[in-house]
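The values are calculated or read from the model by the stated rules, or taken from the named source; none is laboratory data. All values reported here derive from a predicted model rather than from experimental measurement. Glycine gets a Cβ as well: all are built from the backbone with ideal geometry, and neighbour counts include every protein chain shown.
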């Protein structure tokens, strides 16, 4: 019986992960000839924008077989502007390969990718690529892995003829007995007592520890020369886990981790099945949206086009058509015990305008489709003002979106320069109360307590109210309403890092109506925020700058002027590599400055790091858009449809 591996391949841009995937497809017989990223012939980069730019901007799924094992592999984007695509892909996987360049080592996005793996408890293989590069330094990369990622790594190979075209690999014969035994209580006892431990016992223990994410095997090679690829395939089978299936007969449970649109098949929902199974014409319950949808057809992702299948079972990955309303990230069937957290946020906002005003409606429809594929865009359409806006990760993201809109929808659109998206968080504990009981028929009484949450914790909600006081259906309404209520706070920005507790409340058997508790929740929470007061949070970017060593002093001075911080620079063949953190607000156009200073001989790479507290005079506040719930009478009239905005 064939086993399964559901894995992703992740890396900072240009580390070579797509080339690795192409070589694996070639070695397993899926391709007659491996494609080239540089030549635009990669089968994994199938969008025109990817072929033209030589970078991956969308995750690509593929299924192949090696040594009686089905491998479902997702090749993810490497550029920091598309980290949301990486996060969504990881939510459907059991293991990962994280690729590092033997020349560049750990780059700006690498620690963030590693952080994702740790938060999601995903075991991983570390693959050091490009050992044939002139400035390859495997020893230094391994040292940096131990210092910046994990010291629980097992270096299983070493390079031969490093930094030469004929570079190859050979086994590493270091003694890892102690570190292997440290992760295995039974072997550790034998080790401490000086008892003999066989090679077979060590090998078996190593495999189990790697599959559990306790140890991380380090492999290496040169993908373009097909060095180390066979060993990597064997590592996938030996060191990454099979899907965990608690009960094959359990009710269906799955998650959509990617959506794309096929020219003939239409909307494709990429689905990871946790329990149960599905077949064509099955009715699936979307637990995220509380709707039912019918499965049309089921496919598995193959090299050139999806291949139809009769069934998907627990542990498998496939493609479903017919789910018209479902979106990326939705859970289908029974919700799992643990919901995958959302880790990625977009720090910039842009306005979108059609070059031809007649394309306005078509542009709005195109953006709605892109938002289904990429929920982090958070597409907002203000129909009254005819404004279209998106949230983006950076300048490359903007350029790719403009080109995608042109290529796919034949619309020439212009995205504005990015504006910083601030957030706000409560300063202290406070309560908010609202009693919405007039004019009848209506009845919703709520009392909330709010308090500051840990940084990057998002919104945490719980209820202390029994269903005897507020019926379950109205408590669900409160839960749903909270996130909309936090779209704008006292300073005009989304409220986050907040703990909300429903302390008390009341419904009415006769007068309560759907929507009543949404109104009361919005008013009460805004009252609580007004009492608590809030502070601004600004987006912080991690960065890596590569520049001539003689210019490093000037660059470090600039970083401090931008309210940033940096680590001790590394020296690489006459260049300095400076890493650190910097506010997005002060560094948005630093790429231009850096290019001018260096005469174009520099590299500036960034990725989103976190939101951190910011003095109000260093950030930006804005007015509340629409009718503020604190203007209670007008807000109620607006929510009841008695008036429209601007008609008071």
**Report entry** Residue list for the stretch 106-121, restricted to those being in contact with a helix residue (DSSP H, G or I) (Cβ under 6 Å, 6 or more places away or on another chain) and at pLDDT 90 or above
**Finding:** 114
Query raised in the report: Of the residues 195, 188, which is without any contact (Cβ under 8 Å) to a residue 12 or more places away in the chain, over 28 Å from residue 242 (Cβ atoms), in the same structural domain as residue 20 (by TED's automatic domain parsing) and over 27 Å from the mean Cα position of the chain (by Cα)?
Result: 195
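Could you pull out every one of the strands (runs of 3 or more DSSP E) wholly within the stretch 531-648 that has 3 or more residues that are surrounded by 18 or more Cβ atoms within 10 Å (Cβ to Cβ)? Before the answer, list the steps.
Working: elements: 534-548, 570-572, 575-583, 603-614.
Fully inside the stretch 531-648 and qualifying: 534-548, 575-583, 603-614.
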Query raised in the report: Can you tell me which of 333, 358, 329, 394 is farther than 20 Å from residue 255 by Cβ and touching a residue at least 60 places away in the same chain (Cβ under 8 Å)?
Result: 394
Report task. Taking residue 61 as the residue in question, decide whether it is assigned by TED's automatic domain parsing to the domain that holds residue 235, within 18 Å of residue 215 (Cβ to Cβ) and outside any loop (DSSP other than H, G, I, E, B). Result -> no
Requested in this report: Determine which single condition residue 609 fails, assuming it passes every other condition in (1) closer than 30 Å to residue 524 by Cα; (2) in contact with a helix residue (DSSP H, G or I) (Cβ under 8 Å, 6 or more places away or on another chain); (3) in the same structural domain as residue 566 (by TED's automatic domain parsing).
Outcome: (1)
**Report entry** Which listed residue is assigned to a strand (DSSP E or B) and either at pLDDT below 90 or within 20 Å of the chain's Cα centre (by Cα) (or both), from 370, 390
**Finding:** 390
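Does residue 342 fit the bill of being farther than 27 Å from residue 279 by Cβ, touching a residue at least 24 places away in the same chain (Cβ under 8 Å) and not assigned by TED's automatic domain parsing to the domain that holds residue 275?
When the stated conditions are applied, residue 342 passes them.
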Report task. List the strands (runs of 3 or more DSSP E) that sit entirely inside the stretch 416-508 and contain at least 3 residues that are farther than 30 Å from residue 539 by Cβ. Result -> 430-436, 444-452, 498-506
Query raised in the report: Across the stretch 361-375, what is the total count of residues that are closer than 29 Å to residue 62 by Cβ and touching a residue at least 40 places away in the same chain (Cβ under 8 Å)?
Result: 6
Query raised in the report: Which condition breaks for residue 627 when tested against (1) within 30 Å of residue 380 (Cβ to Cβ); (2) touching a helix residue (DSSP H, G or I) at 6+ places or on another chain (Cβ under 7 Å); (3) modelled with pLDDT under 85?
Result: (3)
Requested in this report: Filter the stretch 376-389 down to residues that are free of Cβ contacts under 8 Å to residues at least 40 places away in the same chain and loosely packed, with under 13 Cβ neighbours inside 10 Å, then give me how many there are.
Outcome: 5
Requested in this report: Mind listing whichever residues of the stretch 510-527 are crowded, with 23+ Cβ neighbours inside 10 Å and over 18 Å from residue 476 (Cα atoms)?
Outcome: 526
Query raised in the report: What are the residues in the stretch 397-415 that are part of a helix (DSSP H, G or I), surrounded by fewer than 22 Cβ atoms within 10 Å (Cβ to Cβ) and either in contact (Cβ under 8 Å) with a residue 24 or more places away in the chain or touching a strand residue (DSSP E or B) at 6+ places or on another chain (Cβ under 7 Å) (or both), if any?
Result: 398, 402, 403, 404, 407, 408, 409
**Report entry** So residue 158, is it surrounded by 23 or more Cβ atoms within 10 Å (Cβ to Cβ), in contact with a helix residue (DSSP H, G or I) (Cβ under 8 Å, 6 or more places away or on another chain) and farther than 19 Å from residue 571 by Cβ
**Finding:** no
Query - Candidate set from the stretch 198-230 (those that are touching a strand residue (DSSP E or B) at 6+ places or on another chain (Cβ under 6 Å) and either within 13 Å of residue 97 (Cα to Cα) or not assigned by TED's automatic domain parsing to the domain that holds residue 176 (or both)); member that is surrounded by the most Cβ atoms within 10 Å (Cβ to Cβ) - result: 220
**Report entry** Total residues in the stretch 79-99, condition more than 11 Å from the chain's Cα centre (by Cα) and either under 15 Å from residue 544 (Cα atoms) or without any contact (Cβ under 8 Å) to a residue 12 or more places away in the chain (or both)
**Finding:** 1
**Report entry** Hits in the stretch 233-258 (condition: surrounded by 16 or more Cβ atoms within 10 Å (Cβ to Cβ) and closer than 17 Å to residue 287 by Cβ)
**Finding:** 252, 253, 254, 255, 256, 257
**Report entry** Filter result (more than 16 Å from residue 464 (Cα to Cα) and buried (at least 21 other Cβ atoms within 10 Å of the Cβ)) within the stretch 429-443
**Finding:** 434, 436, 443
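Would you point out which residue out of 352, 320 is surrounded by 15 or more Cβ atoms within 10 Å (Cβ to Cβ), outside the structural domain of residue 588 (by TED's automatic domain parsing) and under 29 Å from residue 2 (Cα atoms)?
320
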